Number of protein chains: 2
Amino acid sequence: MKTDLVLLSGGLDSTTALAQAADIGAAGATISIDYGQRHRRELEAAARVAEYYGLPNLVLDLTSWGNLLGGSSLTDPSVEVPHGHYADPSMSLTVVPNRNATLLMAAAGVAWANDLTRVVTAVHAGDHPVYPDCRPEFIDAARHAMELGTEGRVTLHAPFVTWTKTEIAAEGHRLHAPLGLTWSCYEGGGIHCGKCGTCTERIEAFREAGIPDPTVYVAR
Amino acid sequence: MKTDLVLLSGGLDSTTALAQAADIGAAGATISIDYGQRHRRELEAAARVAEYYGLPNLVLDLTSWGNLLGGSSLTDPSVEVPHGHYADPSMSLTVVPNRNATLLMAAAGVAWANDLTRVVTAVHAGDHPVYPDCRPEFIDAARHAMELGTEGRVTLHAPFVTWTKTEIAAEGHRLHAPLGLTWSCYEGGGIHCGKCGTCTERIEAFREAGIPDPTVYVAR
């Protein structure tokens, strides 16, 4: 039964969450957010992953919201993209204030309007140090608010909230998710830079999971 | 100290919430939502009320979100605006799924980015029958999620959550809020129709509060 609206960034994590939902026949639609990203590569990746699974890819334009925030390296071209791990202090520059909270609640409305009953988010343990609205206690609180706000019509599913990216990569591989279509890089190029924080995490995840990395990185 | 970001629809309730915040010197900015309303009259009213208080009026364009929802008489021109009280079953046609939840979380991000520490919403008791995300238990849950999602930077203030519209009108009058600038009507005219659900509530609120109604309604 199609119950799930999957938040699909086009990255490894959300693609694997979609693979799980598709695996049990629950995937009903995907939703991707345009919040004024510096480049379009991840939205393209999301569209291709949704196409792979034969699902609609709804695009929610939150550019206006991004404009009211400013100051994150993900939306403001004047802020340099940090190189390094998620847990590095420099990664705080990638925080979009209350982003995940906002996306979850917006997605719940879309789920309700489309007769879907579950919003799926791929937040994972690697997000916790820097992004407060990706931590387990937040997810529990957001689920409670979502269920009250929708009179029980829509709930929240966060299957990877305590998983590492390595465990997610292994799960994606197991489920034959199209990981080669996914996009992680925070830089604006046409292929992965291999150096930024998310590329670093991506490379490690494939290596530690012991699975082939289908990604093409810039030659070094 | 300027701590408050006030969600300002341009109506009686949010204008009175702003008057409270201004009265104690806490009002820092206002935020209004363009989610694809059928007409612009309420955004104009919000801009004028903010101007009255000498505050910025940020406008968040959620038209794209409205397009993904559809089906509410507030955003879909094919659905007729119901006439009657909020509590009437017909008013369920005005439900925008999870609207308040989404606006609160988006506003919390904007507050954080602008060094404000409190989101103010004017939800009131009259909203409870039809809008689940305006009820006290939802507000408590949303506050909890907001505080976790912002690491305690931003909290939620809902001063009227158990008040009637009549009590709000009296409070606005007491605080010399510019109630004549506010807009309630769900129809698309240049002056209040005096017949739709929100006009009906507005007329009653002024009458029951025993204060002059500065509103011009269409002659009947």
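Where a number appears in this text, it was derived from the coordinates with a stated rule and is not lab data. Every value quoted in this text rests on a predicted model; they were computed, and no experiment measured them. Here the Cβ is made from the backbone with ideal geometry for all residues, glycine too, and neighbour counts use every protein chain on show.
Brief remarks on what is shown
- For segment A:109-132 and segment B:97-146, distance of Cα centres in Å: 18
- Cβ-to-Cβ counts within 10 Å put A:R40, A:R99, A:R153 in ascending order as A:R40, A:R153, A:R99, the fewest first.
- Qualifying aspartates and glutamates (Cα of each under 15 Å from Cα of B:K2; at least 8 residues distant if same chain): B:D23, B:D115
- Residues whose placed amide H lies under 5 Å from that of A:D34, excluding near-sequence neighbours: A:L60, A:D61, A:L62
- Each Lys or Arg adds one and each Asp or Glu takes one away; over the other residues whose Cβ falls under 14 Å from the Cβ of B:R118, this sums to 0.
- Set of lysines with alpha-carbon distance to B:K165 below 20 Å, sequence-local pairs under 8 removed: B:K195
- Förster radius 51 Å - calculated FRET efficiency between B:E208 and B:D34 (Cβ-Cβ, nearest 0.05): 0.95
- Positive end of the dipole of chain A (Cβ unit charges, origin at the Cα centre): among A:G109, A:P97, A:V6, the Cα lying farthest that way belongs to A:V6.
- In plain terms, the residue of B:L116, A:L175, A:L18 with the fewest other Cβ atoms within 10 Å comes first and the most crowded comes last, giving A:L175, B:L116, A:L18.
- Which of A:I139, B:I33 has the fewest Cβ neighbours within 10 Å, and the rest in rising order: A:I139, B:I33
- Every helix of 4 or more DSSP H residues in chain A counts as -39500 (n - 2.57), and over all residues that averages to -11500 deg cm²/dmol at 222 nm.
- Calculated FRET efficiency for the pair B:D23/B:E137, C-beta based, R₀ 35 Å, to 0.05: 0.80
- Label 7 Å beyond Cα on the Cβ vector: A:K2 copy-to-copy distances, nm: 4.8
- Furthest towards positive pole of dipole, B:G66, B:V123, A:A209, structure part the protein assembly as shown, Cβ charges: B:G66
- Between copies, the label points of B:N67, set 7 Å from Cα on the Cα→Cβ line, lie 1.5 nm apart, reported in increasing order to one decimal in nanometres.
- Label distances, nm, A:R40 versus same residue in remaining copies, Cβ-directed 7 Å point: 2.8
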